[in-house]
1. Exactly one of these conditions fails for Arg20: (1) out of contact with any Lys or Arg (no Cβ under 9 Å at 6 or more places or on another chain); (2) buried (at least 18 other Cβ atoms within 10 Å of the Cβ); (3) under 22 Å from Cys139 (Cα atoms); (4) in contact (Cβ under 8 Å) with a residue 40 or more places away in the chain. Give me its number.
2. If you go through segment 104-124 one residue at a time, do you hit one that is in contact (Cβ under 8 Å) with a residue 40 or more places away in the chain and assigned to a loop (DSSP other than H, G, I, E, B)?
Amino acid sequence: MIHVVTLEPFEAEEIQAVCRALFAAFGVGSEHVGELELPDDARDGSKLDAAKVLSEAGPVKTFADDKILFLVQSPFADRPGPRGLLPTQGYAKYGADRAVASAAGLAGDPEARGRALAKLAVHQVGHLWDLHHCLDYRCSMTPPWGVAYARGQLPELCAFCREKSERRMKTTAA
């Protein structure tokens, strides 16, 4: 089960788009389980520290192999990468149980924002099941800071990433 938790207010249509995309991408249940307070210590000036959001967000009731996706509206502070600072729209620790995605900077009506947020959500939850970045621009696991990410419009996984995530889920559940 993937539990979606909002830490700031969202349109219902955006949350539904995220839950539908997560179910379609990973084949496991996904539901919005409510809203929690955004941790005070997560603010870094006008932006959020994504790692602190994950470590300090309140508890969510889960079972053995459940995953949690937190959603925020506020932007994240850029994070260091191999060639400088990278814009950060989400954060997840590989193989862990929590990820966070931000809707900051997503434009359009609730349907378009929901689609873009869903793609970010699939990307971050993919990291929870040990998926790395993918070269297929149509795949949600393409790095979100690259030009190719915007070209693939649907929140979906390529066949390779889908198969890898399914294998990982089976070994986790066993």
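1. All conditions pass for Arg20, except number (2).
2. Start the filter on segment 104-124 by keeping residues that are in contact (Cβ under 8 Å) with a residue 40 or more places away in the chain, which leaves 110-111, 113-115, 117-119, 121-122, 124.
The next check asks that each one be assigned to a loop (DSSP other than H, G, I, E, B); those that pass are none.
Within segment 104-124 (the criterion being in contact (Cβ under 8 Å) with a residue 40 or more places away in the chain and assigned to a loop (DSSP other than H, G, I, E, B)), the answer is no, since none of the residues qualifies.
Every residue, every condition in (1) of a type in the set (Val, Ile, Thr); (2) in contact with a helix residue (DSSP H, G or I) (Cβ under 6 Å, 6 or more places away or on another chain), yes or no:
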site	(1), (2)
Gln16	no, no
Phe23	no, no
Val28	yes, no
Gly34	no, no
Pro39	no, yes
Ala42	no, yes
Leu48	no, yes
Ala51	no, no
Gly58	no, no
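Laboratory data are not the source of any read-out in this text; all were calculated from the coordinates shown. Since the structure is predicted, the reported quantities are computational estimates derived from the model, not experimental observations. With ideal geometry, Cβ positions are generated from the backbone for all residues, glycine too; neighbour counts draw on all protein chains shown.
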